[in-house]
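S.K.: Provided herewith is a single structure, encoded as C-alpha cells, for subsequent inquiry.
The values are calculated or read from the model by the stated rules, or taken from the named source; none is laboratory data. Here the structure is a predicted model, which means the values were calculated and not measured. Ideal geometry is used to build each Cβ from the backbone, glycine not excepted, and the neighbour counts take in all protein chains shown.
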Amino acid sequence: MRGLLPPYTDVMPDAPPPADAAARAAELRRAIAHHDRLYYQDDAPDISDEAYDALWHELKELEAAHPELVTPESPTQRVSGTPLDGLESAEHVAPMLSLDSSAKEEAFRQFDARLRKALGDDVPLRYSLEPKLDGLSIELVYEGGRLTRAVTRGDGRTGEVITANARTIRSLPLELDGSVRPLPPLLSVRGEVFLALQAFDDVNERLIQEGKPPFASPRNVAAGTVRQLDPALAASRPLSVYAYDVLEAGAGDDGHGALATHTEVLAAMRDWGLPVNPENALADDADGVWRAFEAFAERRDHLPYEVDGLVVKLDDLAARRRLGTTAHHPRWAYAIKFAPRKEVSQVLRIIASVGRTGVVTPVALLRPVNIGGVTVARANLHNREDVERKDIREGDTVRVERAGDVIPQVIERIEVAGAEERGAPFRMPERCPSCGTELVARGPYSLCPNAFGCPAQAVARLVHFGSRAALDVEGLGEVTARLLVEEGLVKELPDLFDLRAADFERLEGFAELSAANLEANVAKAAATTLPRFLVALGVPDTGPAVARTLAGRFGSVEALRAADADTLAAVHGIGPIMAEAIAGFFADPKNARVVDALLDGRVQVAPFEVVAPASDALAGTTLVFTGALERFTRGAAEALVAKLGGKAASSVSTKTTLVVAGADAGSKLEKAVALGVPVADEEGFLAFLEERGVAPGEVAALVGGAE
Ligand code: IVH
C-alpha cells in the first residue's frame, strides 16, 4: 500500500490543502481500513506492524497539518468527542427480539418438528448455525454507508445510544465498502459485542496492577464498557463485534431485499466489510444440527471468546416470513444452550435473606469459587423444604451451578470422606432477621408480613424501584438504597423524591458532586411511562410485558386502579389469579397511599395510548388476515380486532379462531384448510363480528377512528 503516492511533505497550515494532500489522506484511510479488515476480521494481516504504524503516523501528521481534511470516518477519529453526561435512548429501526432456547435435545427436536409441520415436507429445512456469543446485542445503523448510530438492545424496542463507544471497536467499519455490492441507503444490522478472553485477561491484569477489583466475566466488561460515558475509557477495553442479522436495509422492506437465504445475508454483510463470525456453518437437517452442536461443545473451551450455545436459524428467508415471530422471539430460530457450568465449593454459612415481597430465602455463603469466569460467593437455597430435601448444612461440600445470568444455585451435597461430622441442620428463623416480626408460613416459603415496617423489604423495594426495567434511577444501587433506609431518609418509596443533594451528601461515600448527580438522576427518572411505573410499584406478576399490556388496555394509573378483578381477567394475557393479585394490590390501603403520594407531584406518568377501549367482543379470539381485503387495509383490520379485545396474528396455527382471506390469499389459507381452521371472506368476517354483537355501524365508526 505504501508508496502508491509519494509521501506528502507540505506543512503550510493556513494554505488550503493541495489536492494531492486530500488524495493522500483518502488513500491512507483506505489503506488503514483495508489492513484493519485483514487483521481484525480475516486474521490474515499482510504487512508488518511497523509498516502499519507508518501509515497511521503519516495520516496523523497530515491531518495535524490540515485539520480540515479530518473526516468523522477517519481511523484517527475512533476515539472522539468529550465524555458525555448521560446516555440518550433511541428507538430501534425494527424490534430486536430474543431467542427461544433450551439446553435439551428433545426441546430442539420439537422446534424442528414444529417447523416441519408448519412448512410442509416439501420445504427442505436447511439451518444456519452460529456460535451464541456471550456478549451484548446491539443495533448498528449505517446511513449512506456511514456508521451513524449504535444502540444497545435495551427492552427490544428502545435502547441506549452508544455510538461513541461502538466507534472504538476496531473491527467495526466506520464506513462500509460499496465496491463489491451496492450499499443500501439505510442499513440497520444487529450483532453481538463481546470481549475476547485474551483482552479480558489483559483488562483484569491492568486493574489488579492498579489495585482495583477485577471484572468477574468478559460479558460484564462488555456490558460496562458499551455504556461508558467516556469513549477514551471504552477504547482502553478492546471490544469485538460480530454482525449476525440485517434488521432493515432500505425503505420499507424487511431488510433482506432480493436475498433468499440467511447465508446470503451473511455474505452481503461480509461484502460490505462488516465483521461476520467465520465459525458460522450450515446443517441440512436436525440430525446435522445436533452433530454440529456436539462437535461445537467439544471446542467450546478452545474458542477465543465465551459462548453459551449454538444459535440455529432457518436459512430460507421466505419460509421465515411464513413462520413469523411471537412478541418475544422469531419462530424460525432456536438457541441450543450449553449445559450450565457447575463447580464444587463449601458452605461457610447459611443466612436468611429478606426479599422485596417479604419472602425470606435461605442463602448459602460459599467459599468463593470461579464458575465459568464469574466469582460466586452466594447461592440460592430457595426455601425451607429445599434445604431439608438436599440436606445442606454449614460446612458441607456442595455442587454449585450457574446458568447464564441466573442467580447461582446449590444443586447437591457431595459426600466427602473424613467429613462425617457435620454441622447442625439449618433451621429457618422464626422471626424476620431484619425487623424481628414473626414469620408466617406460605407453603414451603416463609414470609415476613411486616411489608411496610421491615427495613430489608424497604431496601429491596427501593432497589427494584430504581432498577433498569422500572424507573431506571442511575446510581441507586443496593449500597445506596441500604444507606437511605438505614439513615431513615427513605421509609416509603415517595420519600425518595423529597430528598435533595444536601440529604444525599450526608450519606457515607457521597460528596457534593455525587449527591448532586443522584438528585438529578432521581428528578430525571420522575418523568416516566406508565409501563415503567407499574413495574416500579411492584404490582404483582407485572414485568415489562404485562405492564405494557395493562397500560395499553387502561391508559392511566387511575383507570387501572378502578378496574376490578373481573375487568382485569378479561384482558387478553391476564389470567384470573393474576387479576385477583393485581386488584388486591391496588385495593390495599397502604399501597394506595404510596401510589397517591407518588402521583401527588412526585412522579409524572405520561398517559399511554389505549389500544383496546371499545369492547371485549373478540376477547379470547385470534384472527389472521391474508390476501388483499377490499374494505379495510390490513392494518385497519388488525387494529379493529385489537380494539375489540381480540388478537390479530401473523401466522396460522390450531389456536387461530378465524382466517379472513381476501383475494390472492396464499400459504396461510392453505395452512388454515390443512389445519381445519375456519376461513371467511370479508362478508363472513362482518357476520362473525355481528354474531359477537358488533354492529356494522360500530365497525365503520371504529375503523374510521383508526385512520
Ligand atoms: S439472533 C431475532 N444470533 O443471544 C434474532 N443472537 O438469547 C435474535 N446472541 O439477544 C438474535 N449470538 O444477544 C442471534 N449469532 C447470534 C447470537 C445471538 C449471541 C445473543 C443475542 C440475543 C441473545 C438471545
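S.K.: Any residue at all in region 411-424 that's more than 24 Å from Arg341 (Cβ to Cβ) and in contact with a strand residue (DSSP E or B) (Cβ under 6 Å, 6 or more places away or on another chain)?
M.R.: Taking every residue of region 411-424 in turn, at least one turns out to be more than 24 Å from Arg341 (Cβ to Cβ) and in contact with a strand residue (DSSP E or B) (Cβ under 6 Å, 6 or more places away or on another chain).
S.K.: Could you give every pair whose Cβ atoms fall below 6 Å, whose first residue belongs to region 354-377 and is on the phi > 0 side of the Ramachandran plot and crowded, with 17+ Cβ neighbours inside 10 Å, and whose second residue is at pLDDT 90 or above and among the hydrophobic types (A, V, I, L, M, F, W, C), counting only separations of at least 6 or pairs across chains?
M.R.: Gly358/Leu447; Gly358/Cys448; Gly358/Ala451
S.K.: Those residues that are in contact with a helix residue (DSSP H, G or I) (Cβ under 6 Å, 6 or more places away or on another chain) and surrounded by fewer than 21 Cβ atoms within 10 Å (Cβ to Cβ), I need them from region 324-337; list them, please.
M.R.: Selection gives Arg331 alone.
S.K.: Can you tell me which residues in region 140-171 are touching a helix residue (DSSP H, G or I) at 6+ places or on another chain (Cβ under 6 Å) and more than 16 Å from the ligand (Cβ to nearest atom)?
M.R.: Residues satisfying the conditions are Arg149, Ala164, Asn165, Thr168, Arg170.
S.K.: Would you kindly identify the strands (runs of 3 or more DSSP E) lying entirely within region 333-422 that contain at least 1 residues that are within 30 Å of Ala451 (Cα to Cα) and more than 16 Å from the ligand (Cβ to nearest atom)?
M.R.: In region 333-422, the matching strands (runs of 3 or more DSSP E) lie at 341-354, 359-371, 374-380, 409-413.
S.K.: For Ile574, indicate whether it is surrounded by 20 or more Cβ atoms within 10 Å (Cβ to Cβ), without any contact (Cβ under 8 Å) to a residue 60 or more places away in the chain and assigned to a loop (DSSP other than H, G, I, E, B).
M.R.: yes
S.K.: Just one of the numbered conditions (1) farther than 30 Å from Ala619 by Cα; (2) at pLDDT 95 or above is not true of Glu492; which one?
M.R.: For Glu492, the exception is condition (2).
S.K.: Ok, one more. Taking Ala456, is it exposed (fewer than 15 other Cβ atoms within 10 Å of the Cβ) and either among the polar types (S, T, N, Q) or modelled with pLDDT of 95 or more (or both)?
M.R.: Judged against the criteria, Ala456 is not a match.
S.K.: For region 645-707, list the helices (runs of 4 or more DSSP H) that sit wholly inside it and hold at least 1 residues that are within 37 Å of the chain's Cα centre (by Cα), buried (at least 16 other Cβ atoms within 10 Å of the Cβ) and at pLDDT below 85; which are they?
M.R.: Here the list reads 667-675, 696-706.
S.K.: Among the residues of region 570-588, is there at least one that is out of contact with any Gly (no Cβ under 7 Å at 6 or more places or on another chain), more than 30 Å from Ser89 (Cα to Cα) and of a type in the set (D, E, K, R)?
M.R.: Scanning region 570-588, I find at least one residue that is out of contact with any Gly (no Cβ under 7 Å at 6 or more places or on another chain), more than 30 Å from Ser89 (Cα to Cα) and of a type in the set (D, E, K, R), so the answer is yes.
S.K.: Of all residues in region 85-139, count the ones that are touching a Phe, Trp or Tyr at 6+ places or on another chain (Cβ under 9 Å), small (Gly, Ala, Ser) and more than 9 Å from the ligand (Cβ to nearest atom).
M.R.: 3
S.K.: When you scan region 106-216 for strands (runs of 3 or more DSSP E) that lie fully inside it, which ones turn up with 2 or more residues that are hydroxyl-bearing (Ser, Thr, Tyr) and farther than 26 Å from Pro231 by Cβ?
M.R.: Those strands (runs of 3 or more DSSP E) span 127-133.
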